[in-house]
Amino acid sequence: MAKVTGPLFSLTASGKLANAMVHFTWKGIAVVREWLKPANPKSADQGDIRVILGGLGRATKVIEKDSPYKVDAIKVAGPQQTFVSALVGYVTKNWMSDGTEFDAEYAIYAAHTAKADFDSEAADLGLVDFDLTYKGMTNKFVAGMQLYELARYAIARKNAVEGAFNRLPYTVAPADWVLANIQAMVAEFATP
């Protein structure tokens, strides 16, 4: 039901009027547009993107406020973004923008010599696998891979000028990480 302030169509209105129009304020301007029924086709491509975004978002839940990892992630995010949106945007722009790239990234993670260590540390943090039934890609976003993506992001965003991620374990190439590197990163998720 639309909420009207003043006589109809003369001052402001907000909300849906029948299934015909929606009244709302946008940037201080009263706006009316046609009401459209939201669509959710649950296509394979849409499922792929939702798994990628959902898995990356869930991975960041283990990073505490004011932790060294988060402080550095905020530095490289810049003033206009949250660290989560910067992380998701960077990863999806640079190496995981669709289901095909996700499956390729999963293959790299699955072949990693420290895969079991990533899995174990992710389980200790309480990370859980993320999946949707209608995705087109082969693999689900497993918890260990979520942790691996946090490591890859930090390594890729290392910034000597700002001092962000400019220390061990982020100076080690992702393929060379061992349990000690993973544990060092996990320790940086906690507020000192």
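The values are calculated or read from the model by the stated rules, or taken from the named source; none is laboratory data. All figures in this text were calculated on a predicted structure; none of them were measured in a lab. When we count neighbours, we look across all protein chains shown, and the Cβ atoms used for this are built from the backbone with ideal geometry, even at glycine.
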Failed item, numbered, when ALA77 is tested on (1) touching a Phe, Trp or Tyr at 6+ places or on another chain (Cβ under 6 Å); (2) of a type in the set (A, V, I, L, M); (3) modelled with pLDDT of 95 or more | (3)
All-but-one check, ALA39 against (1) in contact with a Gly (Cβ under 8 Å, 6 or more places away or on another chain); (2) not assigned by TED's automatic domain parsing to the domain that holds ALA122, failing number (1)
Say whether the condition of being among the acidic types (Asp, Glu), touching a Lys or Arg at 6+ places or on another chain (Cβ under 8 Å) and modelled with pLDDT of 95 or more is met by at least one residue in the stretch 44-62.
-> yes
For the stretch 150-192, how many residues are part of a loop (DSSP other than H, G, I, E, B), in contact with a helix residue (DSSP H, G or I) (Cβ under 6 Å, 6 or more places away or on another chain) and under 17 Å from ASP124 (Cα atoms)?
-> 2
Assuming ARG50 fulfils every condition listed in (1) in contact (Cβ under 8 Å) with a residue 40 or more places away in the chain; (2) closer than 24 Å to LEU168 by Cβ; (3) not in a loop (DSSP other than H, G, I, E, B) apart from one, which condition is it?
-> (2)
Where a residue in the stretch 73-100 is under 13 Å from ALA164 (Cβ atoms) and in contact (Cβ under 8 Å) with a residue 24 or more places away in the chain and its partner, wherever it lies, is among the polar types (S, T, N, Q) and outside any loop (DSSP other than H, G, I, E, B), with Cβ under 6 Å and at least six apart | VAL76/ASN159
Checked the stretch 159-173 for anything closer than 20 Å to PHE118 by Cα and crowded, with 18+ Cβ neighbours inside 10 Å; matches are PHE165, PRO169, TYR170
Go through the stretch 56-128 and tell me which helices (runs of 4 or more DSSP H), entirely inside it, have 1 or more residues that are crowded, with 16+ Cβ neighbours inside 10 Å and more than 13 Å from the chain's Cα centre (by Cα).
-> 68-77, 99-110, 115-125
Test set (1) assigned to a helix (DSSP H, G or I); (2) over 19 Å from PRO68 (Cα atoms) - GLY136 fails condition number | (1)
Give me the pairs, please: first residue somewhere in the stretch 152-169 and touching a residue at least 60 places away in the same chain (Cβ under 8 Å) and closer than 9 Å to VAL76 by Cα, second residue anywhere and of a type outside the set (D, E, K, R) and part of a loop (DSSP other than H, G, I, E, B), beta-carbon distance under 8 Å, and either six or more positions apart or on two chains.
-> ARG157/PHE165; ASN159/PHE165; ASN159/ASN166
